[in-house]
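Take a look at the structure set out below.
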Amino acid sequence: MGLLHRHIFSSVGGACVVAVALFAFVLIAGQALRDLLGYLMAGQISAATALKLVALILPYVAVYALPIGLLTAVLLVLGRMSSQQEITAMRAAGLSLGYISRPIWIIAAAAVLLSLALNFQIMPKARTAYRATLVEAVRQNPLNFIVPRTFVRDFPGFVVYVGARDGAELQDFWLWQLDGQKRVTSFARAKSGTVAFRDEDSRIILTLRDVTVETRDGDDPENFARPQPVGNSDAMTVELKLDGVFRTMQFNQKINWMTYGELVARRDVLAARGDHATAAERKELLRVRIALSEKAAASFGVLALAFVAVPLGIKVSRKETSANLGLAVALVLGYYFLASFGGMLERAPELRPELWVWIPPLAYACAGVWLFRRVDRA
């Protein structure tokens with residue numbers, strides 16, 4: 001690799017690393033705030049566990065940060081070089097655009113291989129480990145779900161509020177039971193009680209003392225014109241399920257979290273059913289095929305975005321970071337907008353949605369080749 005190629009390679013490669021790291025940080029921050037901050041603030045997971053979970057999020061966000069990072073890096077570097085007449089000087093020296101951009105294709109090819117590894121192997125394993133680590137961390141401290149002075153909504157069909165808690169002892173306990181429309185069907189308040197965890201079925205067991213219970217009409221619980229029956233009890237036991245938190249991940253429900261080997265194995269099993277397959281199995285087979293195509297198309301989409309970025313970076317000729325960043329975001333948003341149509345066709349298997357997911361990378365690659373030839377002839 002000559003001096004010119006080393007210069008372009010180091011410039012684009014360095015900018016790509018920085019851009020990918022920046023976008024990954026933004027995506028990780030959003031994911032961590034959504035999934036982990038509540039657990040961390042409530043003391044349900046430790047800081048060390050939270051850091052481990054953040055590390056496990058990295059492969060997931062890298063799948064999205066890699067294409068936009070490479071696209072931004074190419075636009076920034078080539079835009080700066082073009083605005084400073086470096087590209088013009090290279091072209092005046094008789095160098096073709098294909099020769100100038102050769103280091104970029106090496107970086108893009110490496111990015112495609114990395115994206116394939118992320119999509120088919122690293123990310124699925126990391127997501128599985130993320131889920132298992134989070135569930136295990138919460139399982140080790142299940143009583144921490146009862147957070148004082150907080151409306152706890154982690155129990156399916158219930159909302160819990162506790163005025164104070166000292167270990168397993170509760171004071172000023174409130175419990176609302178909800179129907180399928182999130183309407184209150186019954187309400188209980190206890191002056192005190194205790195909380196325990198039953199590990200065999202993952203349930204919180206509440207033993208309440210000095211309880212007042214109010215029940216409402218099941219058909220019309222919000223009709224307060226009718227009298228609401230109220231009862232008192234010296235003691236009452238309530239069991240709250242933690243299924244919403246401890247629900248074990250099923251691969252047939254989380255197809256995007258399968259590795260390549262698992263997807264292929266599942267596809268072969270379902271395809272072998274042939275005409276004997278149920279409607280659910282046929283639907284799952286289609287989802288598996290779409291997942292295989294989506295992961296492969298997303299990986300080669302990195303190369304397609306590079307095809308577009310090279311001529312656009314030279315043509316735009318801007319060294320301003322904000323302009324190139326805005327262009328990169330617009331291109332990526334357009335790409336994922338097109339990619340969303342493949343998932344929308346899942347209900348129409350006769351249209352072969354597993355093939356439609358290849359339209360965005362092919363469209364961008366064709367547009368990039370057309371732009372590349374125009375700029376090369378200019």
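Looking at the range 49-57, is at least one residue in the same structural domain as GLY334 (by TED's automatic domain parsing) and loosely packed, with under 15 Cβ neighbours inside 10 Å? It would help to see each step written out before you state the result.
Initially, the range 49-57 is screened for residues in the same structural domain as GLY334 (by TED's automatic domain parsing), giving 49-57.
Keeping just the survivors that are loosely packed, with under 15 Cβ neighbours inside 10 Å gives 51, 55.
Yes, because at least one residue in the range 49-57 is in the same structural domain as GLY334 (by TED's automatic domain parsing) and loosely packed, with under 15 Cβ neighbours inside 10 Å.
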Legend entry - Single condition VAL138 does not satisfy, out of (1) surrounded by fewer than 17 Cβ atoms within 10 Å (Cβ to Cβ); (2) farther than 25 Å from LEU312 by Cβ; (3) modelled with pLDDT under 85; (4) over 16 Å from the mean Cα position of the chain (by Cα): (1)
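Based on this model, can you work out whether PRO59 counts as part of a helix (DSSP H, G or I), farther than 30 Å from VAL147 by Cβ and touching a Leu at 6+ places or on another chain (Cβ under 6 Å)?
So PRO59 fits the description; yes.
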Legend entry - VAL245, sole failed condition from (1) modelled with pLDDT under 70; (2) surrounded by fewer than 15 Cβ atoms within 10 Å (Cβ to Cβ): (2)
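From the list LEU116, LEU175, LEU143, pick out the single residue that is at pLDDT below 85 and not β-branched (Val, Ile, Thr). Even if it seems obvious, please write down each step before you answer.
Numbers: LEU116 fails: at pLDDT below 85; LEU175 fails: at pLDDT below 85.
When all the criteria are applied, what remains is LEU143.
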Legend entry - Scope the range 337-361; condition at pLDDT 75 or above, surrounded by 15 or more Cβ atoms within 10 Å (Cβ to Cβ) and part of a helix (DSSP H, G or I); matching residues: LEU338, ALA339, PRO353, GLU354, TRP356, PRO360, PRO361
Inset, instruction - List every residue pair whose Cβ atoms lie under 9 Å apart, where the two residues are 6 or more positions apart in sequence or sit on different chains, the first residue falls within the range 15-34 and is buried (at least 18 other Cβ atoms within 10 Å of the Cβ), and the second residue, located anywhere, is among the polar types (S, T, N, Q) and in a helix (DSSP H, G or I). - result: ALA15/THR72; CYS16/THR72; ALA19/THR72; VAL20/THR72; PHE23/THR72
Legend entry - Number of the condition not met by TRP174 [criteria: (1) free of Cβ contacts under 8 Å to residues at least 40 places away in the same chain; (2) among the hydrophobic types (A, V, I, L, M, F, W, C); (3) not in a strand (DSSP E or B)]: (3)
Inset, instruction - State whether one or more residues within the range 111-131 are surrounded by 17 or more Cβ atoms within 10 Å (Cβ to Cβ), assigned by TED's automatic domain parsing to the domain that holds GLY13, of a type in the set (S, T, N, Q) and within 25 Å of ALA47 (Cβ to Cβ). - result: yes
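Modelled with pLDDT of 80 or more, surrounded by 14 or more Cβ atoms within 10 Å (Cβ to Cβ) and at negative phi, is that true of LEU331? Write out each step before concluding.
Values: modelled with pLDDT of 80 or more: yes; surrounded by 14 or more Cβ atoms within 10 Å (Cβ to Cβ): yes; at negative phi: yes.
So LEU331 fits the description; yes.
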Inset, instruction - Report yes if some residue within the range 74-89 is small (Gly, Ala, Ser), assigned to a helix (DSSP H, G or I) and surrounded by 24 or more Cβ atoms within 10 Å (Cβ to Cβ); otherwise report no. - result: yes
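The values are calculated or read from the model by the stated rules, or taken from the named source; none is laboratory data. Only a predicted model underlies this, so the values are computations on that prediction, with no experimental measurement involved. Using ideal geometry, Cβ is built from the backbone for each residue, glycine included, and neighbour counts are taken over all protein chains shown.
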